[in-house]
1. Would you say residue 171 is at positive phi and part of a loop (DSSP other than H, G, I, E, B)?
2. Would you mind stating whether residue 137 is of a type outside the set (Phe, Trp, Tyr) and closer than 23 Å to residue 55 by Cα?
3. May I ask you to verify whether residue 156 is out of contact with any strand residue (DSSP E or B) (no Cβ under 9 Å at 6 or more places or on another chain) and at pLDDT below 95?
4. Restricting attention to helices (runs of 4 or more DSSP H) lying wholly within the range 23-129, give those where 2 or more residues are farther than 30 Å from residue 244 by Cβ.
5. Among (1) surrounded by fewer than 20 Cβ atoms within 10 Å (Cβ to Cβ); (2) farther than 20 Å from residue 280 by Cα; (3) at pLDDT 95 or above, there is one condition residue 237 misses while meeting the rest; what is its number?
6. Which residue pairs have Cβ atoms closer than 6 Å, lie 6 or more positions apart in sequence or on different chains, and pair a first residue in the range 133-145 that is surrounded by fewer than 21 Cβ atoms within 10 Å (Cβ to Cβ) with a second residue that is part of a strand (DSSP E or B) and at pLDDT 95 or above?
7. Looking only at residues in the range 1-10 that are touching an Asp or Glu at 6+ places or on another chain (Cβ under 9 Å) and in a loop (DSSP other than H, G, I, E, B), which one is surrounded by the fewest Cβ atoms within 10 Å (Cβ to Cβ)?
8. Hey, can you tell me all the residues within the range 66-107 that are among the β-branched types (Val, Ile, Thr), touching a residue at least 40 places away in the same chain (Cβ under 8 Å) and surrounded by fewer than 18 Cβ atoms within 10 Å (Cβ to Cβ)?
Amino acid sequence: MAGRIAVIGSNNVDLVTNVPRMPGPGETLAGAHFATGFGGKGANQAVAAARLGSQVTMVTRVGEDSFGREVLQNLGSHGIDLAHARVSRGTANGVASIFVDPSGENVIVIVAGANGTLSPADVDAAADDLARCDLILLQLEVPLETVYHAIRVAARLGVPAILNPAPAAPGLDLAQLKGLAWFCPNESELSMLTGLPVTTEEEIAAAAQGLLFHGIANVVVTLGARGARLVTAQGVKAIPAIRVRPVDTTGAGDAFIGAFAHFLAAGEAPEQALRQAAGYAALSVTKPGAQGSYASAEEFAGFQATTVQS
């Protein structure tokens, strides 16, 4: 049965340029293709979960401009509840400039815009709906005080929260994460937040286990093509990646987190939910773009059947 998920986070309009290679400092380079799309870690994760069948509500802020209007229309087209998506007057919508090379790797520059106005008061205004959710999903493209407040509200309501600490915020106060059910950094975020090396499996495990002492129940470290590691007080479990030929890795991490939230909210055991999420993220990198690469439940089921047979 599909679960209910609240995403408290960002939305962006993506400005995507395909380049033959990444330009150097001071260099002007001719791009091969340009397109606009929808992104933002919060919106991406919300769309991934909704595409898989979760009931999703989003607490977010959009700009008072054409981009903001388009974002609301896009989120609504995926069946996402927008009762707590508000317009920030006199503010532009968030944007992300994304450059993608022929191997599918990318670099991204983000301007927060209206995302920077999402406040603790917005979280409080959504509290009644948050209380009815199975999971609350958070990221770091909105003010840290709003994220900390959302974690406290989730704990008070008895709703497990997932924090994807992306993009990495050096000022993140780990003491504010007490009571968090799930903390899901990637490799570089784990190293930045803990100040520890993560070049070996042993170092990754040690850094992640150190986070448990801050009152975090579970840590999931995503490692791209090397899969993920589930770290709990009981030990470390390796979640393998599924090999595919990548076209564009933009939004793959968000696909993973959104899918993980979906399967967890639907009642799957954590390890199985992570395996499903790894498959969903793998499928996403075979198509260009972020949200445009996210499969429906039916498409993902077909991919899984093909993967099992191969």
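The values are calculated or read from the model by the stated rules, or taken from the named source; none is laboratory data. Quick caveat, the model's predicted, so the values are computed rather than measured. When we count neighbours, we look across all protein chains shown, and the Cβ atoms used for this are built from the backbone with ideal geometry, even at glycine.
1. Details: at positive phi: no; part of a loop (DSSP other than H, G, I, E, B): yes.
In short, no.
2. Numbers: of a type outside the set (Phe, Trp, Tyr): yes; closer than 23 Å to residue 55 by Cα: yes.
So residue 137 passes the test.
3. On the way: out of contact with any strand residue (DSSP E or B) (no Cβ under 9 Å at 6 or more places or on another chain): yes; at pLDDT below 95: no.
Considered against the rule, which asks whether it is out of contact with any strand residue (DSSP E or B) (no Cβ under 9 Å at 6 or more places or on another chain) and at pLDDT below 95, residue 156 comes out as no.
4. Working: elements: 41-52, 66-77, 120-125.
By residue number, 66-77, 120-125.
5. The number of the failed condition is (2).
6. Taking only residues 6 or more apart or on different chains, the pairs are 134/4.
7. Taking the range 1-10 as the starting set, the residues that turn out to be touching an Asp or Glu at 6+ places or on another chain (Cβ under 9 Å) are 3-6, 8-10.
Adding the requirement that they be in a loop (DSSP other than H, G, I, E, B) leaves 3, 9-10.
Working: 3: 20, 9: 28, 10: 28.
Among those that are touching an Asp or Glu at 6+ places or on another chain (Cβ under 9 Å) and in a loop (DSSP other than H, G, I, E, B), it is 3.
8. Matches in the range 66-107: 107 only.
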